[in-house]
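Enquirer: There's a structure below that I have some questions on.
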Amino acid sequence: MQLASALSVSSGTIAMWETAKRTPDSAMLIRLADFFDISVDYLLGRGFEAKKEAPQAAELSGMEETVLILFRG
């Protein structure tokens with residue numbers, strides 16, 4: 001799994017985030033934001049201002065879209 005490898009976490013950790021059984025800490029939120037090239041606020045649903053331009057849903061992989069939906073909710 002590309003996201004798990006990039007963040008040096010297990011796929012099980014990603015699965016826990018996806019199912020809302022766990023949430024990433026602040027340091028991991030920063031790493032997630034860097035990975036997706038968006039702001040932490042965007043991940044948390046506080047604003048829709050990305051570092052550059054917010055990715056369109058069609059540009060995201062299924063995993064990326066899932067992670068963004070979970071953090072926005």
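Enquirer: Which pairs turn up if I take residues in the range 7-19 that are under 13 Å from residue 63 (Cβ atoms) and look for partners that are open to solvent by 40 Å² or more (accessible area, probe 1.4 Å) and among the β-branched types (Val, Ile, Thr) with beta carbon separation below 7 Å, at least 6 apart in sequence or on another chain?
Expert: Qualifying pairs under 7 Å: 17/23; 18/66.
Enquirer: Residues that are open to solvent by 60 Å² or more (accessible area, probe 1.4 Å) and modelled with pLDDT under 85: which helices (runs of 4 or more DSSP H) entirely in the chain hold 2 or more of them?
Expert: The qualifying helices (runs of 4 or more DSSP H) are 62-72.
The values are calculated or read from the model by the stated rules, or taken from the named source; none is laboratory data. Owing to the predicted nature of the structure, the values given are computational and were not obtained by experimental measurement. For neighbour counting, all protein chains shown are included, and Cβ atoms are generated from backbone atoms with ideal geometry for every residue, glycine included. In case anyone asks, the SASA skips ligands and DNA or RNA and just uses the protein heavy atoms, side chains included. Shrake-Rupley method; radii C 1.70, N 1.55, O 1.52, S 1.80 Å.
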